[in-house]
Amino acid sequence: MKKRKVKNVLPGFGLSMGLVLAYSSLLVVIPLLMVFINSSQMGWSGFISAVGNHRVLAALKLSFLTAFLAASINVIFGILLAWVLVRYSFPGKRIIDGLIDLPFALPTAVAGIVLTTLYSKNGWIGKFLPFKVSFTEFGIVIALIFIGIPFVVRMVQPVLEDLDPQLEEAAVSLGASRVRTITKVIMPELTPAILSGFGLAFARAVGEYGSVIFIAGNLPYKTEIAPLLIMTKLEQYDYAGATAIAAVMLVISFAILITINFLQMRAVGRVLAKGV
Amino acid sequence: MYKRFGKKFILIAILIVFSLITAACGNSENASNGKAKGKKTRELLNVSYDPTRELYKEFNTAFSKHWEEETGEKLTIKQSHGGSGAQGRSIIDGVNADVATLALAYDIDAIAESRKLLPDNWQEKLPENSTPYTSTIVFLVRKGNPKQIKDWDDLVRKDVSIVTPNPKTSGGARWNYLAAWIYAKDKYNGDEQKIKGFMKNLFSNVAALDSGARGATTSFVERGIGDVLIAWENEAILSLEELDKNKFDIVAPSISILTEPPVAVVEKNADKNGNREVAEAYLKYLYTEEGQEIAAKHYYRPRNKEIYEKYKDVFPEVKLVTINDEFGDWQKAQKTHFADGGTFDEIYQK
C-alpha cells in the first residue's frame, strides 16, 4: 500500500460538491453563459453597433448612476434604521422591523404603480413637492431606494446586535469623543456588512425593471433605463441585440461586485487584525 | 486519492441531473401527444394580445356553442393575453397556440419567419387581409377639451403634452406613430424632411412613453399626466365606458390609420394537436354575422357593412388609410420606422 486513503472529517464531500456544481451550473452558470453565447452570434461589429450607440450608453449610464445613488442613500438610512431598531425600544418596533422586508414580498410592478401614484403631480405626496418626481430621474431613484431598503438594514442589523455596547462605553470612558467612537469603534465593525448591503442593493437596482418602468416615463436619453432597451430589442425579435446589452450590464455589474467584495475582504481583514 | 474519487462523484452527479432533466422533457412531450389523440373534450388555444380579453371571452362561448351544434363535439377554448410582441415571442419559443390573434401582422410574420409554423402568405388565407375586425387611432382628451385639441396639428403645439405608449415596446403604439405620419405626409405633400420635423415636434411633447397601451391609459387617466392620450378607438371607448364618462371626451382626427389586428391559424401546432379543422372554423366564424356583432359590441369596427351600419353611432367618422396604401406592408414599415436606426430613433436623436 503506497497511498492510504485519507478520510475527511466531514463525510459526503464528493456527493455534495457534485450536487452544488450541477445545481449552480444548471441555474446560474449555463443561463449566464447563454447571454454571452447568444450575443456572440452577431460578431464584434454587430455587438459594437448594438451597444455602442448614444442611446444605449445613455441608458446604461442612467441605470448604473441611479442604482449607485439609490444604494448610497440606502446605506445612510439603512444604518440609521438598523441602529434605531437594535439600540432603542419603542412601541410598534416589531411592526416596523417586519415592514422592512415588505419590499421583498411585494411584486415590483405593484410597488412601481403605487409609487407613481403617490409621487405624481396629483398624488398624495407629489402634490406637496415643489418639483416633479414621477416621470423623472428622481422617480427612478425613489423606486430603486424602495426595492433596496431591506438589503442594508438586514446586513447591518445582526452585526449591530452582536456589537457589545460596552465597547462604546469603554471608548467613552477612555476619553474618546462621540465622533471618534463612531469612526474608530463602531464603523470598522460595521463596514463589511455595510459594503455587502451596498453591493446587494446596488446589484438589485441595476437590473430592476418592474417598478421603474411605471415611474420613469421612459423618455429616450432622459429616463430610459437599460433593461427597457433590452425589452425594446426583444419586441423587435432582436434576441442577439438584447443579449448584447445584457452582456454589457453583466460584465459591468460583475466588475463592480468584485470590487465591492475586495473592499469588503480588506475591511474584514482590518477588523480581524485589530481584534488580535 | 480522495480527490479523484470526489471528481468521479461530481461527474456522476452532473450526469444524473442532466439525464433526469432530459428524461423529464421527453416524457412531457409524449404526454401531450397522447392527450391530443385521446377522446377527451377538444381544447383550442388562442394566443392573443391585451385588449381582446373581453371580446374573445364572449366569442369563445358563442363559437363553442356553434361547434357543438354542428359536430356534437364539446370544445374548450383557452385564451392567453399579453403584449402583442411578447405573445408572438412566446409562440416562437414554443407555446402550443392553435391560433394567433395579434395586434399587427409583423408579429405573426415573425412567427412565420423564425419557426415556419405557418406559411409566409398566411395573410391571404382569410378575407380582408385576415383581419375580421379593425379599429383606428383617436385622441382621448379631458372633459370639455380644455386645450381645444381637434386634429394632429394641435398635438405639436407648445402648450400640449401627450401620452402615448412607446412604439419600440408596444406593437399597438406603432399604429399611433404611423397614423401621425400619415397626417404629416398628407399635410406636407410627402416632403420627408418636413414630416420628420413634425414627428419630432410631436414626440418632444410626449410627457411619458409607457411600455404598453394599458400603462399609457393609466398614466393619462389616473395620474393626470398630459392633455391628450393617443389611443386605439376601441380602447378609448372602453375607457369611457369603464371609467368616468364625465371626465373624458373622444376626439377623432381628420385622418387616421385603419388598424388591422390580424388572425391566423398556427398551422404546424394545429396539425400536431389535431385541431386544424376546428381552428380554421374558429377564425372563419369571426366573419359571420354573430362574430361581427360580438366584435362591434366590444368597439372593434366590424368588416361586415350591415353590422357596421347598425353600430355606426359608436364609431366617429374619420378618413381612414390602410397600412398597405401608405407603407407597403408591415415588414417595410417596421424596417423604415421602428428598427434600430429607423425614423423613430432619428426623431429622438440628439
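The values are calculated or read from the model by the stated rules, or taken from the named source; none is laboratory data. For clarity, every value in this text was computed on a predicted model and none was experimentally measured. We place every Cβ from the backbone using ideal geometry, glycine too, and count neighbours over all the protein chains shown.
Quick notes
- Residue that is surrounded by the fewest Cβ atoms within 10 Å (Cβ to Cβ), among those in segment B:161-181 that are part of a helix (DSSP H, G or I) and within 11 Å of chain A (Cβ to nearest Cβ): B:173
- Verdict on residue A:57 being part of a helix (DSSP H, G or I), under 19 Å from residue A:253 (Cβ atoms), within 24 Å of the chain's Cα centre (by Cα) and in the same structural domain as residue A:230 (by TED's automatic domain parsing): yes
- Only listed residue being outside any loop (DSSP other than H, G, I, E, B) and more than 11 Å from every other protein chain (Cβ to nearest Cβ), chosen from A:65, A:27: A:65
- Consider segment A:218-258 and keep the residues that are among the small types (Gly, Ala, Ser) and out of contact with any Leu (no Cβ under 7 Å at 6 or more places or on another chain). The one that is surrounded by the fewest Cβ atoms within 10 Å (Cβ to Cβ) is A:255.
- Considering segment B:132-151, the residues that are more than 14 Å from chain A (Cβ to nearest Cβ) and surrounded by fewer than 21 Cβ atoms within 10 Å (Cβ to Cβ) include one that is nearest to residue B:182 (Cα to Cα), namely B:151.
- Tabulated pairs, segment A:196-219, first on the phi < 0 side of the Ramachandran plot and within 14 Å of chain B (Cβ to nearest Cβ), second surrounded by 21 or more Cβ atoms within 10 Å (Cβ to Cβ) and of a type in the set (Asp, Glu), C-beta under 9 angstrom, 6+ apart or interchain: A:213/B:210; A:214/B:210; A:216/A:224
- Cβ pairs under 7 Å, 6+ apart, first in segment A:254-273 and assigned by TED's automatic domain parsing to the domain that holds residue A:67 and closer than 23 Å to residue A:206 by Cβ, second of a type in the set (Ser, Thr, Tyr) and surrounded by 12 or more Cβ atoms within 10 Å (Cβ to Cβ): A:264/A:196; A:267/A:191
- Test result for residue A:248, more than 14 Å from every other protein chain (Cβ to nearest Cβ) and within 23 Å of residue A:137 (Cβ to Cβ): yes
- Selection status of residue B:88, within 14 Å of chain A (Cβ to nearest Cβ), within 22 Å of the chain's Cα centre (by Cα) and modelled with pLDDT under 90: no
- Options B:227, B:244, B:249; residue that is more than 21 Å from the chain's Cα centre (by Cα), more than 14 Å from every other protein chain (Cβ to nearest Cβ) and under 22 Å from residue B:156 (Cα atoms): B:249
- The residues in segment B:185-241 that are without any contact (Cβ under 8 Å) to a residue 12 or more places away in the chain and either part of a loop (DSSP other than H, G, I, E, B) or among the hydroxyl-bearing types (Ser, Thr, Tyr) (or both) can be counted, and the count is 9.
- Hey, residue A:209 at pLDDT 90 or above, under 23 Å from residue A:137 (Cβ atoms), among the aromatic types (Phe, Trp, Tyr) and outside any helix (DSSP H, G or I) or not: yes
- Under the condition of being in contact (Cβ under 8 Å) with a residue 40 or more places away in the chain and over 24 Å from the mean Cα position of the chain (by Cα), the residues counted in segment A:91-139 number 0.
- Exclusive hit being within 14 Å of chain A (Cβ to nearest Cβ) and under 22 Å from residue B:157 (Cβ atoms), set B:216, B:184: B:216
- Among the residues listed as A:140, A:76, A:147, the single one being within 18 Å of residue A:197 (Cα to Cα), touching a Ser or Thr at 6+ places or on another chain (Cβ under 8 Å) and either more than 14 Å from chain B (Cβ to nearest Cβ) or of a type in the set (A, V, I, L, M) (or both): A:147
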